[in-house]
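Asks: Sharing a structure, written as structure tokens. Questions coming.
Where a number appears in this text, it was derived from the coordinates with a stated rule and is not lab data. Everything numeric here is computed off the predicted structure, so don't read it as measured data. In this analysis, Cβ positions are derived from the backbone assuming ideal geometry, glycine residues included, and neighbour counts consider all displayed protein chains.
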Amino acid sequence: MKRVVVGLSGGVDSSVAAYLLKEQGYEVIGLFMKNWHDDSVTISDECPWLEDSNDALLVAEKLGIPFQTVDLSEQYKERIVDYMFNEYEKGRTPNPDVLCNREIKFDVFMKIALSLGADYVATGHYCRKGTIEKDGEEVYQLLAGADGNKDQSYFLCQLSQEQLSKALFPIGELTKPQVREIAAKMELVTADKKDSQGLCFIGKVRLPDFLQQQLQPKEGIIYEIAADAAIYNTDTPQFTSVKEQLAYEAKKTVYTPEMGKPVGKHQGAHYFTTGQRKGLNVGGTKEALFIIATDVVSNAIYTGQGNAHPGLFRKALFIQKNEVHWIREDLALKDGETMEVMVRIRYRQDLQKATLHKFDNGMYISFDEPQSAITEGQFAAWYIADELIGSGVIS
């Protein structure tokens with residue numbers, strides 16, 4: 001009997017994952033990760049960790065598996081929270097869920113599991129793992145979940161071959177309704193529990209409250225840039241190389257206050273992100289205002305009316321060399337090589353047709369169609385068919 005440690009989060013997905021593994025004859029141990037203590041910034045009645053750990057315990061009792069809680073809040077603060085503050089301060093928008101999987105669940109937590117003699121670590125992610133043989137070596141694949149509506153492969157886009165080799169995703173072949181059905185049939189306490197929203201393991205957090213612990217509010221101006229502003233009507237230069245053209249297409253537009261008109265005030269550019277529409281509190285415009293750029297140095301926010309505003313769109317993005325990550329190392333591009341792939345730049349986005357271009361300083365992704373709200377600090381993940389083969393931080 002192989003031993004599997006399941007990260008029981010107190011939600012229905014990990015509960016059913018544990019049940020399925022037990023059915024398959026594994027020796028299953030349930031572990032609940034406690035990653036957060038500060039209740040002052042969580043929205044009190046939304047998934048506080050206490051209720052979750054109780055639910056996880058009840059599920060473990062029902063399934064007759066050993067259960068314990070591990071406190072990872074110190075590592076979580078160091079690897080996730082501090083990193084988040086740091087990124088927001090630089091005016092980038094990090095993705096804590098992707099990091100949490102790479103740094104906590106499949107690193108700190110996995111090491112604890114292996115120290116308990118586990119052969120595998122399992123989670124309730126909607127994704128699948130494949131294995132192929134290549135040149136006599138076993139190669140692990142990260143595949144999209146069977147439920148297209150719930151596929152969570154994107155959140156695991158930073159995993160390595162070694163991490164994947166020890167990972168199991170028992171519900172990857174199921175749809176969410178099927179998972180709920182199994183939980184109801186087994187009378188698990190989590191069967192009808194709402195999906196948790198918000199930060200990985202912190203619960204629902206008011207982001208500005210959370211960020212204000214470290215980043216002080218400071219008042220700045222919100223500017224509106226017209227859709228027909230001169231900056232959008234410049235002629236495209238002549239390029240001497242593909243790289244030069246890609247650099248031009250990936251470049252952020254730099255805005256200055258003179259280009260627009262002041263329409264409101266905000267409490268700190270570092271609390272906002274490209275593409276954001278909510279939280280601006282500016283009325284009186286014909287269409288909703290979307291953020292097209294933030295400048296944390298001058299503390300200005302630039303907006304445009306409507307989701308078709310030209311300031312939202314770009315045709316390419318760049319990932320710095322040290323931020324390019326291949327799950328399938330055997331498919332990694334060499335300098336000068338290109339590859340046609342499907343890409344998403346945020347969770348739930350439909351896959352977009354694109355081409356990877358590898359250069360000595362990093363990688364450009366050029367899209368067939370211009371993309372809205374390409375956001376620094378977020379992850380771009382690239383797929384071939386339903387296999388996620390690599391990812392990187394948008395720079």
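Asks: From the Cα gyration tensor of region 321-373, with a ≥ b ≥ c the square roots of its eigenvalues, which class applies: rounded if a/c is under 1.5, or else prolate if a/b is larger than b/c, or else oblate?
Replies: Prolate is the answer for region 321-373, as a/c is 1.5 or above and a/b outweighs b/c.
Asks: Just the Kirkwood number for region 3-212, please: inverse of mean 1/r across all distinct Cα pairs, in Å, one decimal.
Replies: By the Kirkwood definition, the hydrodynamic radius is 17.6 Å.
Asks: Suppose a student asked you for the relative contact order of the chain, using Cα pairs under 8 Å spaced at least 6 residues apart; what percent would you report?
Replies: Reported as a whole number, the value is 16 percent.
Asks: Would you mind giving the average projected area, over all directions, of the Cα convex hull of region 220-312 in nm² with one decimal?
Replies: Mean projected area for region 220-312: 6.5 nm², to one decimal.
Asks: What order do you get for Arg328, Arg102, Arg277 when you list them from fewest to most C-beta neighbours inside 10 Å?
Replies: In order of increasing Cβ crowding within 10 Å: Arg277, Arg328, Arg102.
Asks: Here is a follow-up. Suppose R0 equals 41 Å; then what is the FRET efficiency for Lys185 and Gln349 from their Cβ-Cβ distance, rounded to the nearest 0.05?
Replies: Taking R0 as 41 Å, the efficiency between Lys185 and Gln349 is 0.75.
Asks: How do Leu8, Leu289 line up, fewest other C-beta atoms within 10 Å first?
Replies: Fewest-to-most Cβ neighbours within 10 Å comes out as Leu289, Leu8.
Asks: Add -39500 (n - 2.57) for each DSSP H run of 4 or more in the chain, then divide by its residues: what number comes out at 222 nm, to the nearest 500 deg cm²/dmol?
Replies: Calculated at 222 nm, the ellipticity per residue is -5500 deg cm²/dmol.
Asks: Stretch Lys251-Ser298 to full length: gain in nm at 0.36 nm per residue minus the Cα-Cα span?
Replies: 15.0 nm
Asks: Pick from Glu61, Glu337, Glu133: which residue has the top mean-square fluctuation in a GNM of the chain where Cα pairs under 10 Å get a spring?
Replies: Evaluated over the chain, the most mobile residue of the options is Glu133.
Asks: While we're here: Could you run the Karplus curve 6.51 cos²θ - 1.76 cosθ + 1.60 with θ = phi - 60° over region 144-155 and give me ³J(HN,Hα) per residue in whole Hz, x for Gly and Pro?
Replies: Per-residue couplings from phi come out as 4, x, 5, 7, x, 6, 10, 3, 10, 4, 3, 5 Hz.
Asks: Assuming a ≥ b ≥ c are the square roots of the Cα gyration tensor eigenvalues, decide whether region 53-160 counts as rounded (a/c under 1.5), prolate (otherwise, with a/b larger than b/c) or oblate.
Replies: In terms of gyration-tensor shape, oblate.
Asks: Let me ask something additional. Return one number: the angle in degrees, 0 to 90 and rounded to the nearest 10, between the long axis of the Cα atoms of helix 12-23 and the longest principal axis of the Cα atoms of the chain.
Replies: On a 0 to 90 degree scale, this one is about 40.
Asks: To continue, here is another question. Which of Ala146, Ala316, Ala122 moves most in a GNM of the chain, Cα contacts under 10 Å?
Replies: Ala146
Asks: Related question: With 10 angstrom as the radius, rank Asp350, Asp13, Asp55, Asp330 by how many other C-beta atoms surround their C-beta, starting from the fewest.
Replies: Least crowded to most crowded, the residues run Asp350, Asp330, Asp55, Asp13.
Asks: Here's another thing I want to ask about it. Which angle from 0 to 90°, rounded to the nearest 10, does the C-alpha axis of helix 49-63 make with the longest principal axis of the chain?
Replies: Computed tilt is about 40 degrees.
Asks: Between rounded, prolate and oblate, where does region 341-395 land on the alpha carbon gyration tensor, with a ≥ b ≥ c its root eigenvalues, rounded for a/c under 1.5, else prolate if a/b exceeds b/c?
Replies: Rounded shape, in that the Cα axes give a/c under 1.5.
Asks: Pick from Asn299, Asn54, Asn281 the residue whose mean-square fluctuation is largest in a GNM of the chain, springs joining Cα atoms under 10 Å.
Replies: In this elastic network of the chain, the residue with the biggest mean-square fluctuation among Asn299, Asn54, Asn281 is Asn281.
Asks: Here is a follow-up. Residue by residue through region 219-232, which ³J(HN,Hα) values in whole Hz follow from phi under the Karplus form 6.51 cos²θ - 1.76 cosθ + 1.60 (θ = phi - 60°), with glycine and proline marked x?
Replies: 5, x, 9, 9, 10, 10, 9, 5, 5, 9, 4, 4, 4, 8
Asks: Right, something else. Of [x] 0.98; [y] 1.99; [z] 1.06, which is the value of Cα Rg over 2.2 N^0.38 Å derived from the coordinates here?
Replies: Of the listed options [x] 0.98; [y] 1.99; [z] 1.06, [z] comes from this structure.
Asks: Separate question: Taking H as built 1.01 Å from N, whose amide H comes closer than 5 Å to the amide H of Lys129, not counting residues under 5 places away?
Replies: Placed amide hydrogens put Leu143, Phe169 under 5 Å from Lys129.
Asks: Counting other Cβ atoms within 10 Å of each Cβ, which chymotrypsin sites (Phe, Trp or Tyr not before Pro) in region 269-306 have at most 12 and sit in a DSSP loop?
Replies: In loop regions of region 269-306 (DSSP not H, G, I, E or B), there are no sparsely surrounded chymotrypsin sites (Phe, Trp or Tyr not before Pro).
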